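Here's the structure, in C-alpha cells; my notes come after.
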Amino acid sequence: MDLLKEIKKIESEAQEKFKKVENLKRLEKLRVKYLGKKGKIAQIFSKMGQVADEQKPIVGKETNILKNKIQKLYNQLKEEKEKELKAEKLKSETIDVTLPGNKVDVGHKNPFTHIIDEVVELFLGMGFSIEEGPEVETEYYNFEALNIPKDHPARDLQDTLYIDDQYLLRTHTSPVQIRTMEKEEPPIKIIAPGRVYRSDELDASHSPNFHQIEGLVIDKDISFSDLKGVIEIFIHEIYGKERKIRFRPSYFPFTEPSAEVDVSCNVCKGKGCSLCSYTGWVEVLGSGMVHPNVLKMSGLDPDIYSGFAFGMGWDRIAMLKYDIDDIRVLYENDKRFIHQF
C-alpha cells in the first residue's frame, strides 16, 4: 500500500506547485515532471509489478484518477495563462488615438530642382522648346563648329576632360545649338539644359560636374534688342522686378557682338560688398548674336538668318537667388539644408 501513499503525496505536491505556476514555460515543465514519459505518474505505473495482485486494481484506479486530475489542472491553467498572455499583448499593442502621431520625415526639393522647374517653365511660357544632346561630344561639335580656334585655351587638357583624341565630356551645352541648326529649319527657338564637365578642382565656387542651360533663337530679322527683351524677362521673373540689369561688352568665339549680363547685388542692393567684389553687380550669364561663321558651319546662310544665344549655370542661378555661398551644398543632400526650401 506504499504506492497509495505515494499517489496521495504526488497529488498534494502537484496541486501546490500548479497553483504557484507563473507562466506557460513553467507550466510546461510541470506537465513534463508529472505527466511526461519519465514523469512521476509513469514511474508509479512502472512499479505496478511490485504490488500484490489483489491490490493492483486499486492502485491502477487511483493512479489513473491522479493522472486525470493533473491533466485537467494543467489544461485549466494553460487556458488561463494563454488568455492572460493574449490580454497583455493586446494591451501593449493598443494604439491611443488621442496621442499625437509620429513626425513624418517629408522629403523636400533641392533648391537646384526648384530653379530648374522655375526656369524651364518660364522659357516654355515664352514659346521655347527643349532640346537635348549627348554628354560625350566630339571635338567638332564642342569647339570647331562653335568657331573656337585650335589654339584657344578652352581646348587645353587643364580645362577639358578628353576621352581620346576625338571624344570628350562636353564643356558646355552649346553643341546642342549646332546639332539643332543642322537638323531643323528656322525659325528655331530652343533651350538646352544639361550636365557639363570641366577639369576644375572642387571648391566653394567650382565643380568638375555642373549644369548649364543654353538658349538659341534663329530666324529672319532677329536683333540684339530681341536678346535684351528675353534676358530682361528672365532676370525679372527669377530675381524680382526690382533688380537692375547691366549688359557688358565681352568676347565669345561663337557670338558677335557678345555681352555678359550682370544683376544688381541682392545682398548690398548695389552699394558694394564682398559677394559682388564691392562693385554692386553680380555676373549671371553670357550672351550675344550668333556668329556668322557658326551659322555657316551649321548650314544656314548668315545673309538670310540671324539669331542670338545665351548660356548660364543652373548652380549659379540657384546660388544667387537663395544667397548660397558654397556650390557643394547643392550636391550633398544634407536634409538640414534642403528643408530650408
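Some values worked out for this structure:
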quantity: Yes/no for Gly127 being within 32 Å of the chain's Cα centre (by Cα) and on the phi > 0 side of the Ramachandran plot; calculated: yes
quantity: Options Thr160, Thr113: the member that is at negative phi and either modelled with pLDDT of 95 or more or within 29 Å of the chain's Cα centre (by Cα) (or both); calculated: Thr113
quantity: Exclusive hit being assigned by TED's automatic domain parsing to the domain that holds Met297, aliphatic (A, V, I, L, M), surrounded by fewer than 14 Cβ atoms within 10 Å (Cβ to Cβ) and under 40 Å from the mean Cα position of the chain (by Cα), set Val120, Val136; calculated: Val136
quantity: Residue ID - surrounded by the most Cβ atoms within 10 Å (Cβ to Cβ), chosen from residues in region 146-180 that are in contact (Cβ under 8 Å) with a residue 60 or more places away in the chain and of a type in the set (Val, Ile, Thr); calculated: Thr173
quantity: Helices (runs of 4 or more DSSP H) wholly inside region 1-49 containing at least 3 residues that are assigned by TED's automatic domain parsing to the domain that holds Lys78, out of contact with any Asp or Glu (no Cβ under 6 Å at 6 or more places or on another chain) and in contact (Cβ under 8 Å) with a residue 40 or more places away in the chain; calculated: 2-19, 24-35
quantity: Residues being crowded, with 16+ Cβ neighbours inside 10 Å and part of a helix (DSSP H, G or I) - total across region 50-74; calculated: 8
quantity: Single residue of region 299-324 satisfying the filter (hydroxyl-bearing (Ser, Thr, Tyr) and at pLDDT 95 or above) that is farthest from Ser174 (Cα to Cα); calculated: Tyr305
quantity: Residues located in region 197-230, provided they are over 22 Å from Val282 (Cα atoms) and surrounded by 21 or more Cβ atoms within 10 Å (Cβ to Cβ); calculated: Leu216, Val217, Ile218
quantity: Number of the exception - Ile233 against (1) among the hydrophobic types (A, V, I, L, M, F, W, C); (2) farther than 25 Å from Pro257 by Cα; (3) loosely packed, with under 15 Cβ neighbours inside 10 Å; calculated: (2)
quantity: Subset of region 259-282 (residues that are at pLDDT 85 or above and in contact with a Lys or Arg (Cβ under 8 Å, 6 or more places away or on another chain)); calculated: Ala259, Glu260, Val261, Asp262, Val263, Ser264, Gly280, Trp281
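Quick grid of which residues meet (1) at pLDDT 95 or above; (2) of a type in the set (A, V, I, L, M, F, W, C); (3) closer than 24 Å to Gly307 by Cβ:
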{"residue": "Asp151", "(1), (2), (3)": "no, no, no"}
{"residue": "Arg155", "(1), (2), (3)": "no, no, no"}
{"residue": "Val196", "(1), (2), (3)": "no, yes, yes"}
{"residue": "Leu202", "(1), (2), (3)": "no, yes, no"}
{"residue": "His206", "(1), (2), (3)": "no, no, no"}
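The values are calculated or read from the model by the stated rules, or taken from the named source; none is laboratory data. Given the structure is predicted, the values throughout are model-derived calculations rather than measurements. All Cβ positions, glycine included, derive from the backbone under ideal geometry; neighbour counts span all protein chains shown.
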